[in-house]
1. Kindly evaluate F251 against the criterion of being closer than 23 Å to G163 by Cα, among the aromatic types (F, W, Y) and outside any loop (DSSP other than H, G, I, E, B).
2. Only residues in region 267-292 that are at positive phi count as the first member; pair them with residues that are aromatic (F, W, Y) and modelled with pLDDT of 90 or more, Cβ under 9 angstrom, at least 6 apart or cross-chain, and list the lot.
3. Taking into account only those residues within region 78-93 that are part of a helix (DSSP H, G or I) and among the aliphatic types (A, V, I, L, M), which is surrounded by the most Cβ atoms within 10 Å (Cβ to Cβ)?
4. Go through region 141-200 and give me each residue that's within 13 Å of the chain's Cα centre (by Cα) and acidic (D, E).
5. Whether any residue in region 117-135 is at pLDDT 50 or above, out of contact with any helix residue (DSSP H, G or I) (no Cβ under 7 Å at 6 or more places or on another chain) and under 28 Å from Q249 (Cα atoms) is what I want to check.
6. Just one of the numbered conditions (1) modelled with pLDDT under 50; (2) in contact with a helix residue (DSSP H, G or I) (Cβ under 6 Å, 6 or more places away or on another chain); (3) surrounded by 17 or more Cβ atoms within 10 Å (Cβ to Cβ) is not true of P53; which one?
7. Based on what the data block shows, is F236 within 27 Å of T105 (Cβ to Cβ) and touching a residue at least 24 places away in the same chain (Cβ under 8 Å)?
8. List every residue pair whose Cβ atoms sit under 8 Å apart, with the two residues 6 or more apart in sequence or on different chains, where the first one lies in region 168-196 and is closer than 20 Å to I296 by Cα and in the same structural domain as L96 (by TED's automatic domain parsing) and the second, anywhere, is in a loop (DSSP other than H, G, I, E, B) and polar (S, T, N, Q).
Amino acid sequence: MATCAVGAAVSAQYFLLKHTFMTSGKICLLPGICGGKVLSCYSSWRTCSSSAPSRSSEAPAADVCVSSETIQHFDGLVRGGHLRKDVQQRHVIQQLAQLQHTMKTYSNSIYLNPPRLSSQDDSSKPQTGITSAESKSAEPTEKEAPVQPPPKGFYIYGDVGTGKTMLMDLFYSRVENSRKKRVHFNGFMLDIHKRIHRRKQSLPKRSLGKMFTYDPISPVAMEISNETCLLCFDEFQVTDIADAMILKQLFETLFKTGVVVVATSNRPPDDLYKNGLQRDTFLPFIDVLKEYCHSICLDAGIDYRRTDKAEAGKLYYLTGEPGAEAFLDALFEELALRQRSVTGPRVLSVLGRDVTLAKTCGSVADCTFEELCGRALGASDYLEMARLFDTVFIRHVPLLTLSLKDQARRFTTLIDNFYDNKVRVVLLAAVPLERLFIHSGGDDERDRQLLDDLGLSGEAAERLSLFTAEEEIFAFQRTVSRLMGMQTESYWVEGDRSHSKKHSNT
């Protein structure tokens with residue numbers, strides 16, 4: 001029986017490896033698998049039709065003549081079977097196409113002088129700064145034309161798997177502007193906090209007895225504005241009070257210096273940081289976001305990552321499954337042979353800390369769940385792994401119960417970062433994917449200790465527990481959905497970096 005099981009595993013391995021390595025770019029050389037067709041980077045999103053148009057907040061009327069190439073490309077993906085007809089998605093891409101057309105010639109340089117507003121000005125309105133030419137005159141004359149406000153961005157929200165990220169990436173890939181940036185929101189906020197810390201560290205030492213205050217948020221925002229005029233965020237979410245307290249000032253400065261934002265999120269604007277600590281302080285940010293971004297709901301009520309699509313062989317195994325360990329061992333060895341490197345441990349340097357992975361070879365890492373999520377690692381560690389590895393094995397993933405809440409949260413952060421950077425994963429888990437998470441309800445000892453430490457009780461404690469529970473549910477649903485998407489043929493091919501970059505253990 002064992003011999004048969006190993007034989008079956010090796011056969012499955014051969015199918016997967018043949019699929020993985022007999023490709024050139026994105027042209028599949030296996031007619032039996034995908035008919036020799038070009039594999040679009042969006043082919044994993046096979047969305048079904050929907051008759052209801054998306055709901056939007058002050059969204060502009062779509063003009064199909066504007067940036068028609070983008071719309072034609074989207075329609076071509078539908079005709080080619082890479083996407084299924086979806087009225088909501090086409091409505092969104094029409095509006096994004098208009099912004100794409102605007103961004104082709106857009107620059108925010110005119111807004112980069114700090115805004116000088118009169119007492120009558122409303123700081124939450126998209127008023128612009130005064131140009132250097134205008135500032136030379138104490139009283140503007142009638143001949144001086146006012147500076148036009150920057151273009152409005154988009155905030156696209158809806159449930160998991162509805163195509164939000166796909167549409168944003170389609171828009172971003174076709175924007176002809178060198179000063180654009182696309183980033184996961186968690187990664188962006190990590191970078192913001194690093195910049196704030198660096199600015200604080202560079203301040204001169206204060207003399208004893210002298211009071212000195214310094215606000216680094218606006219200068220950091222100005223740094224970003226000088227680097228880019230278009231920011232595209234995936235997974236815009238606010239779960240950290242440290243982020244919540246600085247967002248209004250940060251984004252108000254970004255918007256006033258002409259930065260255009262396009263973001264995707266699982267939550268509508270009014271639900272951001274819902275039930276979070278000190279939310280009253282956060283609420284003004286929502287008004288700023290609405291002022292500078294059109295809000296569009298994209299939600300057909302179906303997670304399309306779960307619909308039938310070509311799979312890249314079997315990538316999710318159960319611990320008790322015969323031959324599962326043998327398959328993972330054989331697949332790692334086959335991938336390692338193509339790395340032109342040696343198998344061994346690797347030390348990653350992250351923010352001055354050393355993070356050691358016990359078994360790696362070039363761009364492939366063979367890890368355990370305990371190694372990745374049992375230690376106090378965070379988004380910055382996982383981002384570094386995503387930079388170095390295109391394939392990661394994760395063995396012995398347990399049922400994520402109440403007693404493993406911290407590990408479960410790290411796992412969701414890990415998958416978010418891997419998915420966003422197209423890292424391929426092969427998993428060996430204790431239970432099927434749909435049963436991987438058990439929601440805790442926020443009543444464990446750890447949460448009770450947090451409430452005690454914060455001195456919260458009654459209604460405030462109830463709100464915090466509700467906030468924790470809701471964020472967990474969103475995160476768990478997103479993780480399961482993304483893991484399903486990561487098992488598709490198109491994702492696996494797209495994540496192969498071997499044709500573009502050589503990795504080594506140096």
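The values are calculated or read from the model by the stated rules, or taken from the named source; none is laboratory data. Quick caveat, the model's predicted, so the values are computed rather than measured. Cβ atoms come from the backbone with ideal geometry, glycine included; neighbour counts cover every protein chain shown.
1. Here the answer is no, as F251 does not meet what is asked.
2. Close Cβ pairs satisfying both conditions: Y273/F282; Y273/F285.
3. Here the answer is V92.
4. Listed by number, the list holds a single entry, D169.
5. Within region 117-135, none of the residues are at pLDDT 50 or above, out of contact with any helix residue (DSSP H, G or I) (no Cβ under 7 Å at 6 or more places or on another chain) and under 28 Å from Q249 (Cα atoms).
6. With respect to (1) modelled with pLDDT under 50; (2) in contact with a helix residue (DSSP H, G or I) (Cβ under 6 Å, 6 or more places away or on another chain); (3) surrounded by 17 or more Cβ atoms within 10 Å (Cβ to Cβ), P53 is out only on (3).
7. The answer is yes for F236.
8. F185/Q237
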